[in-house]
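These notes concern the structure reproduced below.
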Amino acid sequence: MSTQRQRLAVGYVRVASVGGVGNGRQIERHKHTIIAHCRDSRLNLAHMIIDIGGRPGRGRALDLLVGEHASVLVVASLAQLTRQPSELAAMLGHYFCAPSGGADLIAVAEGIDTRTQAGRILIDVLCCVAQFESEGAYHA
């Protein structure tokens with residue numbers, strides 16, 4: 001993997017709806033969080049993808065990682081990606097967890113950065129919890 005590709009990031013922002021009160025400010029706040037984090041981490045923010053409502057842009061953001069146009073996905077929060085634990089686990093396993101995933105994930109609010117050992121451990125724990133929930137082993 002080239003050093004240049006290692007430093008290219010995709011920012012992804014998602015808000016619930018276009019007509020919501022303050023959504024414009026929310027988008028700008030999330031964008032600013034991602035831009036500032038990339039600057040502080042010395043990542044080159046190559047793409048910024050914004051979804052309003054659904055998540056069609058999320059697929060484009062992940063495709064940029066698979067197509068090797070970037071190596072890091074930066075989100076303001078994991079909730080930007082999904083609120084479904086099983087979907088998050090599948091996404092983490094496919095794109096960000098070894099051996100299949102070769103990209104890195106940074107979730108600023110949660111302090112997750114899979115470029116670090118602590119970030120990789122946290123992602124592994126999240127994958128285990130999501131798998132546990134999806135198997136229906138937990139009954140509250």
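Numbers for the structure displayed
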{"item": "Net charge dipole size for the range 3-134 [Lys, Arg +1 and Asp, Glu -1 on Cβ; Debye, nearest 20]", "result": "380 debye"}
{"item": "Whole-Hz couplings from phi, Karplus 6.51/-1.76/1.60, listed for the range 67-72; x for Gly and Pro", "result": "x, 6, 8, 7, 10, 9"}
{"item": "Rg(Cα)/(2.2 N^0.38 Å) for the range 3-134, N = residue count", "result": "1.00"}
{"item": "Stretch gain in nm, segment V129-E68, where the contour uses 0.36 nm per residue and the Cα spacing is subtracted", "result": "19.1 nm"}
{"item": "Proximal charge balance of I123 [Cβ under 14 Å; K/R count +1, D/E count -1]", "result": "-2"}
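All of the numbers you see were taken from the coordinates with simple rules; none came from a lab. If you're wondering where the values come from, they're calculated on a predicted model, not measured in any experiment. Positions of Cβ are backbone-derived with ideal geometry, glycine not excepted, and every protein chain shown enters the neighbour counts.
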